[in-house]
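The values are calculated or read from the model by the stated rules, or taken from the named source; none is laboratory data. Since this is a predicted model, take the numbers as computed values, not measurements. Don't worry about glycine lacking a Cβ; one is built from the backbone with ideal geometry, like all the others, and counts go over all protein chains shown. When the accessible area is computed, the model is the full protein with side chains, heavy atoms only, and any ligands, DNA or RNA have been set aside. Shrake-Rupley method; radii C 1.70, N 1.55, O 1.52, S 1.80 Å.
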Amino acid sequence: QTSSCGNCGYQERYCQSNCQWGGWSGCIGQGECSPSSQQSESCGWCGTRYRTCSSSCWWGGWGSCQGQGACSPYSSQSQDCGNCGSQSRSCQSNCQWGNWGSCTGQGSCSPGQQQSQGCGNCGTQWRTCGTSCSWGSWGTCGGTGPCSPGSTTPGGCDGCSQKVCTGSCQWGGCSLKPGNACEWKSGYNHRCCWYGGNDGFQWCLSSCQWSTACATSYSCN
C-alpha cells in the first residue's frame with residue numbers, strides 16, 4: 001500500500017504473513033518545496049526577487065527584481081555647479097542618493113559676465129568672463145574727457161583767471177584763480193566806488209587785485 005507524504009513524496013507498507021499491515025516506510029521521492037510556497041532573495045540595488053514552488057514540488061524560475069533603489073551602494077556621482085565648479089554625492093547603504101556636497105573649485109565669475117571700471121579721465125573699460133570662469137584682460141579705456149578733475153589750464157582766459165576741469169572731466173568756463181579779486185583785462189577793468197561824497201573808479205591791477213584808491217577824476221555816470 002502507498003500513501004502521499006511530505007513534498008510530493010510517497011510512503012509504502014506491506015501486508016505481513018499474519019495478514020496485518022506492517023509499518024510505513026520513510027517518505028520517498030520528495031521534491032524540494034511545498035506547492036505554492038514562495039522564496040525570496042536580495043537582488044540588484046537593494047531589491048528583492050521571488051520564486052514559487054510548483055505543484056510538482058520543484059522551484060520555478062526567479063521573477064524580476066522588484067523594489068530597487070536609485071543607485072548601487074557606495075557608488076558616487078558628480079555634477080557641474082556654480083562658476084565652473086563641481087559637487088558630488090554618494091549612494092547610501094539603502095541604495096538612495098545622499099545630499100549633494102558643497103560646490104568646490106569654482107572660478108571668479110560666470111561665463112559671459114561683464115565687469116566695468118573707471119579709467120583715465122572719466123572713461124570706462126570692460127572685461128568679460130571666459131568659458132573657464134576667469135576674467136579676461138581689461139579692454140581699452142573709452143569715453144574719456146579732455147582733462148582730469150581739478151586740473152587747470154589758462155585756456156584763453158584773462159591772466160588772472162583759469163579754467164578748472166569739472167568732475168565730469170570737461171573744462172569749465174573762465175574763473176578767477178584762487179586769491180585773485182578781479183580780471184586785469186589789460187588794465188581796462190574797473191568798477192564804481194565812492195570817496196568823500198564823490199563817485200569814481202577802482203581799477204583792476206596787474207596783481208589781479210582792486211586798487212585801493214578811488215579815482216574821482218572819473219565819474220560812474
Only one of (1) in contact with a strand residue (DSSP E or B) (Cβ under 8 Å, 6 or more places away or on another chain); (2) farther than 30 Å from Thr140 by Cβ; (3) not acidic (Asp, Glu) is not met by Ser110, so which one is it?
(2)
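Do we find that Ser137 is open to solvent by 60 Å² or more (accessible area, probe 1.4 Å), under 30 Å from Ser110 (Cα atoms), at pLDDT 95 or above and within 41 Å of the chain's Cα centre (by Cα) in this structure?
Numbers: open to solvent by 60 Å² or more (accessible area, probe 1.4 Å): yes; under 30 Å from Ser110 (Cα atoms): yes; at pLDDT 95 or above: yes; within 41 Å of the chain's Cα centre (by Cα): yes.
Yes, satisfied.
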Residues of region 184-211 classified as open to solvent by 50 Å² or more (accessible area, probe 1.4 Å) and either modelled with pLDDT of 90 or more or within 30 Å of Cys122 (Cβ to Cβ) (or both), total:
13
Please work out if Cys103 is under 30 Å from Cys174 (Cα atoms) and among the hydrophobic types (A, V, I, L, M, F, W, C).
no
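Select from region 128-150 the residues that are assigned to a loop (DSSP other than H, G, I, E, B) and hydroxyl-bearing (Ser, Thr, Tyr) and write down the one among them that is farthest from Gly85 (Cα to Cα).
From region 128-150, those assigned to a loop (DSSP other than H, G, I, E, B) are 130-134, 136-141, 143-150; that's our starting set.
With hydroxyl-bearing (Ser, Thr, Tyr) added as a condition, the list becomes 131-132, 134, 137, 140, 144, 148.
Values: Thr131: 12, Ser132: 10, Ser134: 12, Ser137: 22, Thr140: 30, Thr144: 38, Ser148: 42 Å.
Per the stated criteria, the residue is Ser148.
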Scan region 151-180 for residues that are closer than 30 Å to Gln114 by Cβ and not in a strand (DSSP E or B) and jot them down.
Thr166, Gly167, Ser168, Cys169, Gln170
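Can you find a residue that is in contact (Cβ under 8 Å) with a residue 12 or more places away in the chain and closer than 30 Å to Asp80 by Cα anywhere in region 180-200? It would help to see each step written out before you state the result.
Step one: of region 180-200, the residues in contact (Cβ under 8 Å) with a residue 12 or more places away in the chain are 180-185, 187, 189-196, 198-200.
Right, trim to closer than 30 Å to Asp80 by Cα and you get none.
No: zero hits.
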So which strands (runs of 3 or more DSSP E) are wholly in region 1-46 and hold at least 2 residues that are polar (S, T, N, Q) and within 30 Å of Ser64 (Cβ to Cβ)?
38-43
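Does Gly155 count as more than 39 Å from the chain's Cα centre (by Cα), in contact (Cβ under 8 Å) with a residue 12 or more places away in the chain and loosely packed, with under 12 Cβ neighbours inside 10 Å? Give the steps one after another, and end with the answer.
Numbers: more than 39 Å from the chain's Cα centre (by Cα): yes; in contact (Cβ under 8 Å) with a residue 12 or more places away in the chain: yes; loosely packed, with under 12 Cβ neighbours inside 10 Å: no.
No, not satisfied.
The rows are residues; the columns are (1) among the β-branched types (Val, Ile, Thr); (2) surrounded by 13 or more Cβ atoms within 10 Å (Cβ to Cβ); (3) more than 38 Å from the chain's Cα centre (by Cα).
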{"site": "Ser37", "(1), (2), (3)": "no, no, yes"}
{"site": "Glu41", "(1), (2), (3)": "no, no, yes"}
{"site": "Trp45", "(1), (2), (3)": "no, yes, no"}
{"site": "Trp58", "(1), (2), (3)": "no, yes, yes"}
{"site": "Gly61", "(1), (2), (3)": "no, no, yes"}
{"site": "Gln68", "(1), (2), (3)": "no, yes, no"}
{"site": "Gly82", "(1), (2), (3)": "no, yes, no"}
{"site": "Gly85", "(1), (2), (3)": "no, yes, no"}
{"site": "Arg89", "(1), (2), (3)": "no, yes, no"}
Single residue of region 17-34 satisfying the filter (open to solvent by 60 Å² or more (accessible area, probe 1.4 Å) and of a type outside the set (Gly, Ala, Ser)) that is farthest from the chain's Cα centre (by Cα)
Asn18
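Answer with yes or no whether Gly143 is surrounded by fewer than 14 Cβ atoms within 10 Å (Cβ to Cβ), more than 30 Å from Ser72 (Cα to Cα), at pLDDT 95 or above and in contact with a Cys (Cβ under 8 Å, 6 or more places away or on another chain). Write out each step before concluding.
Working: surrounded by fewer than 14 Cβ atoms within 10 Å (Cβ to Cβ): yes; more than 30 Å from Ser72 (Cα to Cα): yes; at pLDDT 95 or above: yes; in contact with a Cys (Cβ under 8 Å, 6 or more places away or on another chain): yes.
Spelling it out, Gly143 is indeed surrounded by fewer than 14 Cβ atoms within 10 Å (Cβ to Cβ), more than 30 Å from Ser72 (Cα to Cα), at pLDDT 95 or above and in contact with a Cys (Cβ under 8 Å, 6 or more places away or on another chain).
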Within region 91-127, the count of residues that are outside any loop (DSSP other than H, G, I, E, B), exposed (fewer than 15 other Cβ atoms within 10 Å of the Cβ) and polar (S, T, N, Q) comes to 6
